[in-house]
Amino acid sequence: MSTTATVPAAALEAAAKAAGLTLTSAEPGTDFTGAPTTRATISLAADPSKSITLELSEKFDAANAQFASTLQVFFAEAAQRLKNPRPELFLTLIGLPLSFGNFAWPFHGSTSGADTFIVHGEARLTDGTDTQLHSKLSASLTRTFAEVVPSLEQPFAESFVFNAVRKTFDQGQLELVKSGNRQPVPVTTRYYSLKRQVFIFNDTTPEQRHDHLAAKVFWLSHILGGGAPVWIADPRDAQYLNTTVEDLKKTAAQLAKEGLVLLEGNGDWASATDTLRNQEDKYRIEVAEALAFIKPTFNEDMRAGHTNM
């Protein structure tokens, strides 16, 4: 393992090891603006082929005690997520299976003069076909909101950024295209409760959570995961759906009673039954409807020059 990076490799290695992960490399890098970073590869100890890239700014001190609990949680969740057949996949409420990648952590100050912090990334439609539809993303955080979060580094921000992207798709404010410019993803205080000090993205009903979890198992296990079980007790999904991990497990138990999923690992993991696998037409229609929903529409009268101006 290379330890030439500025971030204390020993602190990262210890936090990773406690979660069943291995720090396989830590190399110098640069962020979007050219500022020095550390790019660390974190692998699942039981399966080194499963790994994530953790990129931290040069100034981040992984040995600082105030960051210990967040790093512990981040690595513990990553260790579970890496056991998924496709750890980079997430599902939106409107039914789009997306893979997240190419995020250039950490946040950097806007180069356009705006009073914001920016992180760039990409979301790609991943539905088992050869589609090339994707969105290049530019998630922006106001300096006022930046004061609310403990740090703008990846372990502190990845969950709420990914969920803000999903929420922006749900609102029809991001388009999936074959080519195009970066699209804005505002990460604003409306996603955060100062009173409760938690992020809130969607006020979902039990029925919505039921349908979302079934769709997640269909796509991430059956279509994209080769039938391998997926983690249904992901705190990132609980945050996105404004619920708890315990509620997700209860919802999965209900799906099992309905014969839609098979549960494993104390009810934390689920795969699709034949009943759920046979609903492919339904889920393909949902994707088509979601794509139609997020596609920009135009006023045809204005296009033809018929206006009241």
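The values are calculated or read from the model by the stated rules, or taken from the named source; none is laboratory data. Treat the numbers as computed from the prediction; the structure is a model and nothing was measured. FYI the Cβ positions are ideal-geometry reconstructions off the backbone, even for glycines, and counts take in every protein chain you see.
Here are the numbers for this structure:
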read-out: Options SER69, SER99, SER25, SER49: the member that is without any contact (Cβ under 8 Å) to a residue 12 or more places away in the chain, in a strand (DSSP E or B) and not aromatic (Phe, Trp, Tyr); value: SER49
read-out: Long-range neighbours under 6 Å by Cβ, at least six apart or interchain, first residue within 18 Å of ILE94 (Cα to Cα) within the range 186-205, second part of a loop (DSSP other than H, G, I, E, B) and of a type outside the set (S, T, N, Q); value: ASN202/LEU241; THR204/LEU241
read-out: Every residue from the range 76-96 that is over 13 Å from the mean Cα position of the chain (by Cα), of a type in the set (A, V, I, L, M, F, W, C) and part of a helix (DSSP H, G or I); value: ALA76, ALA79
read-out: Residues being in contact with a Leu (Cβ under 9 Å, 6 or more places away or on another chain), at pLDDT 95 or above and not small (Gly, Ala, Ser) - total across the range 124-153; value: 7
read-out: Inter-residue pairs, beta-carbon under 8 Å, first under 18 Å from SER135 (Cβ atoms) and at pLDDT 95 or above and in the range 282-293, second surrounded by 15 or more Cβ atoms within 10 Å (Cβ to Cβ) and of a type in the set (Asp, Glu), 6+ apart; value: VAL287/ASP127
read-out: Selection count where residues are surrounded by fewer than 20 Cβ atoms within 10 Å (Cβ to Cβ), among the hydrophobic types (A, V, I, L, M, F, W, C) and farther than 18 Å from TYR283 by Cα, scope the range 218-270; value: 7
read-out: Residues of the range 128-160 classified as in contact with a helix residue (DSSP H, G or I) (Cβ under 9 Å, 6 or more places away or on another chain) and not acidic (Asp, Glu), total; value: 19
